[in-house]
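S.K.: Sharing a structure, written as structure tokens. Questions coming.
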Amino acid sequence: MVFNSLTFLVFFALVLVLHRLPFPWTAKKFNLLVASYVFYAAWNPPFILLLWASTVVDWYIARGIYASRDKSRAVRRSWLVVSVAVNIGFIGFFKYGEFLLQNWQALMQSVGVVWVAPEWDIVLPVGISFYTFVTLSYTLDVYLGRSKPIGKFLDYALFVTFFPHLVAGPIVRPTQLVPQFETPKQASRDAMLWGLGLIVLGLFEKVVLADGGLANAADKVFAATEPVGFVDAWLGTLAFSGQIFCDFAGYSTIAVGTALCLGFGLPDNFRMPYAAIGFSDFWRRWHISLSTWLRDYLYIPLGGNRGTELRTYVNLMLTMLLGGLWHGASWTFVAWGGLHGLYLAGERWVRAKTGVTGDPAGLPNRLALALLTYALVNVTWVFFRAESFGGAARILEGMAGLAPEAKPILATMFVVKVAAIVTAIVVTQWLMRNRSLEDLVARTPWWVTAVVCAAMLFAVTITQGSGQAFIYFQF
Amino acid sequence: MSHHHEQDDVTVREIPKTRYAAIAWLALVLFLAAMTAWELKMRSLGLRTGDIDDSPSHWAVERRKIEEGDHDGVVIVGSSRILFDTDLSVWKEVTGRTPIQLALPGTSPRPYLRSVAEDTDFAGLVVCDVTPEMFFSKFIGALPQFVGMQDTWRDESPSEKFGHQVDLRLQRAFAFLENEYSLFRLIERIVVEDDRLGPDGPYYDVWKLSVASENRQYFLWNRVEQPGYLQEHARAAWGPFGNERPPLPKDMIDAAIADVAESVRKIRARGGEVVFIRPPSAGPFLERENRNAPRTATWDRLLRETGAFGIHYEDYAAMRGLEVPEWSHLSRNSAARFTRAYVGVLRERYVRLRTPPVAEPAG
């Protein structure tokens, strides 16, 4: 089920009540585990089997790896290969099966072999990319000697399945969450109310800003089949940049809020990414749980920046290309990742040449670089949102001013709406660049916070969102 | 090298220090006050509780009745005209049957007729609306809220089913829950001088036209029935009425008729029947229809080439002279008269409508 649905409101209210009843701690954890399975099955019951399979396989493999810690590396590695093969096998079949077949068909045709890929009618299990990375991080941590296997199966299964993070992250690590299950947890009144406040904020971002304010403008522009003009191309892309941030950061905020109401802490996934100065800064602020996952389990094992300069650039590109492919089975996602890889490599090269580290001095310089970063990030969003390279080219041509004769797509009210919301998002992120929400709330008069909360809840209610799925569910 | 990262530590979230209880109480009071004011405002605009928005889940309830029914019932497919112009209680009174109402505003019935033909073994009577510019066009229509309608009834998740039940309860209690009066729908429709899109701007979109009860009984909204701003707007939204829109090309009409003929053939082959109904329209809208999709080139051909029976409102005295307030849909009173008239014709023609149904489908 999705967080922005009436079903979730009822579900979450029941879970909260159940969690506050005087059951023993193990029973409470069991309740949470069952609730998490219900949460997942409410979307498509049979796919719960995949989740179980992934859970059970990695439980035994981690123990196998740990039990063979004194044996040869080859033995441990063979355990790991099984884990990676099973996890990547599932995700490869369900998420990349059709993509692989189509590309194989194209490759064969290019060498003159006529072969038609069979009809591929497989539903993508929601959240598979997320929980696969969660279970993989567990076996990898045990393999790399960063942690021991979890003692209790219940704690482990709850770590994998805990519904706030299950289908769209944050991609938690065992170290971050599992110890929280060891002793009884119950949210204090303040933590509960803070958690509820975060849920309202996340719903506001998702329902009001992403779905109500920005989605239809982005949809209209990216659905164009004729040339797109300068204003429409930029506004459509800016609208999508705001939509995907509010959609995903909104989801993450709701996830953090729901966990907090139950007494648990989940890590931040976003820190004002559109105020980033440069791309390494951007990736410290955008989808943090994915970027750190890729850093720890892909970039560093590839060698990171420990080899030659060239090798570092290769590692960067590989990491970002695979990071792009993680998002979806399409070459446009690979292009998105590749562009980010090029940006990161370019920034690294410039910094090495100029010897500049950290942010530049002077507000105008910082502001100019932040806007440049934001503009270049927007170029990458074109590949992320467009359904084909042709579609992406149409938007990029418009953004470059190469389609001056194009007919307008967005009505004036849409232009005003997108410009107002996107400006508000970017200015807010800039002002909050080095501050946290917690810090802001602690310094704001209580009644102002109350008025803002009430206004957000009011806006969520009268926007009447129809429970649109979060964009990241499809990944 | 060994950097320490936050991923290596247990996540402990900071709870900012502030006056939580005071915030919660004040926010709750303000929210309830704002909601009360909003609800009263929406009621003053004529919105009512129990006026149910259509959605894929809501339509799915009706669609599933085909599988649950006795296969000797009546299914209506079409656009908004047959939807607003049919009074289901008159059907029930005259034939003992309540049709399965599958018509959708702004949507061509052809894919839905095809779905009944191909995806079901329905062998009853299909009543198919003919709104000429929609029916014979290659554009299927489908408003954004109805996208995926044809799949939802089959693939609906337990979460969506449950959510729909909660939603129905809320719509029975609150008038403000109305798609056409959501926050951004209202903002987007603010009139803008010199809109970039000119007359294609969102101000000229179709606004709220109808009210609907839980069994998908639609009627024209009383505020549109009465002369005034909303009626004028509704009329304008059907424009332009000049020569801006060209007549439907012959190849498009050919393709539409061929598509429908195939569906009719399949349904008839298993003992079912399809009838076409052309509900009334009026004013400049009717003039444009007669110009762009003239009867001889569309309706007459449709009946001839499908071999199906059809009811054109022009051919029956009881169906002429009805009220068509915004030129496209009948008033509530006229809808009852129109239904009685066309059901009477169908009852004369089809013996099966003269006998009581084997079993009334659930719901």
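The values are calculated or read from the model by the stated rules, or taken from the named source; none is laboratory data. In this text the structure is predicted, and so the values were computed from the model without any measurement. Methodologically, a virtual Cβ is constructed for each residue, glycine included, from the backbone with ideal geometry; neighbour enumeration extends over all protein chains shown.
S.K.: What number of residues in the stretch A:265-274 are hydrophobic (A, V, I, L, M, F, W, C) and surrounded by fewer than 24 Cβ atoms within 10 Å (Cβ to Cβ)?
M.R.: Step one: of the stretch A:265-274, the residues hydrophobic (A, V, I, L, M, F, W, C) are A:266, A:270, A:272.
Okay, now just the ones that are also surrounded by fewer than 24 Cβ atoms within 10 Å (Cβ to Cβ), so A:270, A:272.
Qualifying residue count, the stretch A:265-274: 2.
S.K.: Looking only at the stretch A:382-431, filter to residues that are farther than 16 Å from residue A:222 by Cβ and among the polar types (S, T, N, Q); which one of those is nearest to the chain's Cα centre (by Cα)?
M.R.: Here the answer is A:429.
S.K.: While we're here: What are the residues in the stretch A:368-419 that are part of a helix (DSSP H, G or I) and without any contact (Cβ under 8 Å) to a residue 24 or more places away in the chain, if any?
M.R.: Within the stretch A:368-419, A:368, A:371, A:372, A:375, A:390, A:393, A:412, A:413, A:416 qualify.
S.K.: Pick out the one residue from B:94, B:90, B:75 that is more than 15 Å from the chain's Cα centre (by Cα) and modelled with pLDDT of 95 or more. Step through it out loud before you land on a result.
M.R.: Values: B:94 fails: modelled with pLDDT of 95 or more; B:75 fails: more than 15 Å from the chain's Cα centre (by Cα).
None of the others qualify; the one that does is B:90.
S.K.: Residues of the stretch B:175-198 being in contact with a Leu (Cβ under 9 Å, 6 or more places away or on another chain) and touching a residue at least 40 places away in the same chain (Cβ under 8 Å), which ones?
M.R.: B:175, B:176, B:177, B:178, B:181
S.K.: From A:205, A:226, which residue is assigned by TED's automatic domain parsing to the domain that holds residue A:391 and touching a Gly at 6+ places or on another chain (Cβ under 6 Å)?
M.R.: A:205
S.K.: To continue, here is another question. So, in the stretch B:209-246, how many residues would count as being of a type in the set (D, E, K, R) and either surrounded by fewer than 17 Cβ atoms within 10 Å (Cβ to Cβ) or in a loop (DSSP other than H, G, I, E, B) (or both)?
M.R.: 5
S.K.: Scan (1) of a type in the set (Gly, Ala, Ser); (2) in contact with a strand residue (DSSP E or B) (Cβ under 8 Å, 6 or more places away or on another chain); (3) facing chain A (nearest Cβ under 7 Å) for the single condition residue B:69 breaks and write down its number.
M.R.: Here residue B:69 meets the rest and fails (3).
S.K.: Let me ask another. Among (1) out of contact with any Leu (no Cβ under 6 Å at 6 or more places or on another chain); (2) at negative phi; (3) not acidic (Asp, Glu), where does residue B:78 come up short?
M.R.: The single condition residue B:78 does not satisfy is (2).
S.K.: Six or more apart or on different chains, Cβ atoms under 9 Å: show the pairs whose first residue is in the stretch A:238-256 and at negative phi and whose second is polar (S, T, N, Q) and part of a helix (DSSP H, G or I).
M.R.: That search, which allows pairs on different chains as well, returns A:238/A:378; A:239/A:216; A:240/A:378; A:241/A:378; A:245/A:429; A:252/A:289.
S.K.: Let me ask you something else. Would you confirm, using the coordinates I've provided, whether residue B:19 is basic (Lys, Arg), buried (at least 21 other Cβ atoms within 10 Å of the Cβ) and either more than 10 Å from chain A (Cβ to nearest Cβ) or over 30 Å from residue A:304 (Cβ atoms) (or both)?
M.R.: no
S.K.: Condition test on residue B:150, is it under 28 Å from residue A:44 (Cβ atoms), in a helix (DSSP H, G or I) and either within 11 Å of chain A (Cβ to nearest Cβ) or of a type in the set (Val, Ile, Thr) (or both)?
M.R.: no
S.K.: Okay, next question. Could you list, in sequence order, all residues of the stretch A:171-205 that are within 8 Å of chain B (Cβ to nearest Cβ) and more than 26 Å from the chain's Cα centre (by Cα)?
M.R.: Within the stretch A:171-205, A:188, A:189, A:190 meet the criteria.
S.K.: Identify all residues within the stretch A:94-129 that are free of Cβ contacts under 8 Å to residues at least 60 places away in the same chain, aromatic (Phe, Trp, Tyr) and farther than 20 Å from residue B:155 by Cβ; write none if there are none.
M.R.: Matches in the stretch A:94-129: A:104, A:115.
S.K.: Output the residue which, of all residues in the stretch B:167-207 that are among the charged types (D, E, K, R) and buried (at least 20 other Cβ atoms within 10 Å of the Cβ), is farthest from residue B:76 (Cα to Cα). Don't jump to the end; show me each part of the working.
M.R.: To start, the set of residues in the stretch B:167-207 that are among the charged types (D, E, K, R) comprises B:167, B:169, B:172, B:178, B:180, B:185, B:188-189, B:193-196, B:200, B:205.
Pick out the ones that are also buried (at least 20 other Cβ atoms within 10 Å of the Cβ) and you get B:167, B:178, B:188.
Values: B:167: 25, B:178: 24, B:188: 33 Å.
Going through the qualifying residues, I end up with B:188.
S.K.: Out of the residues in the stretch A:347-358 that are under 27 Å from the mean Cα position of the chain (by Cα) and surrounded by 14 or more Cβ atoms within 10 Å (Cβ to Cβ), state the one that is nearest to residue A:389 (Cα to Cα).
M.R.: Per the stated criteria, the residue is A:347.
S.K.: Still on this structure: Which condition from (1) more than 9 Å from chain B (Cβ to nearest Cβ); (2) farther than 25 Å from residue A:366 by Cβ; (3) of a type outside the set (S, T, N, Q) is the one that residue A:454 breaks?
M.R.: Just one mismatch for residue A:454, condition (1).
S.K.: Would you tally the residues in the stretch A:206-225 being of a type in the set (D, E, K, R) and more than 11 Å from chain B (Cβ to nearest Cβ)? Walk me through how you get there before you give the answer.
M.R.: Taking the stretch A:206-225 and keeping what is of a type in the set (D, E, K, R), we get A:206, A:211, A:219-220.
If we keep only those that are more than 11 Å from chain B (Cβ to nearest Cβ) as well, we get A:206.
Qualifying residue count for the region: 1.
S.K.: Taking the criterion of being modelled with pLDDT under 95, in a helix (DSSP H, G or I), more than 25 Å from residue A:162 (Cα to Cα) and not polar (S, T, N, Q), would at least one residue in the stretch A:269-278 satisfy it?
M.R.: no
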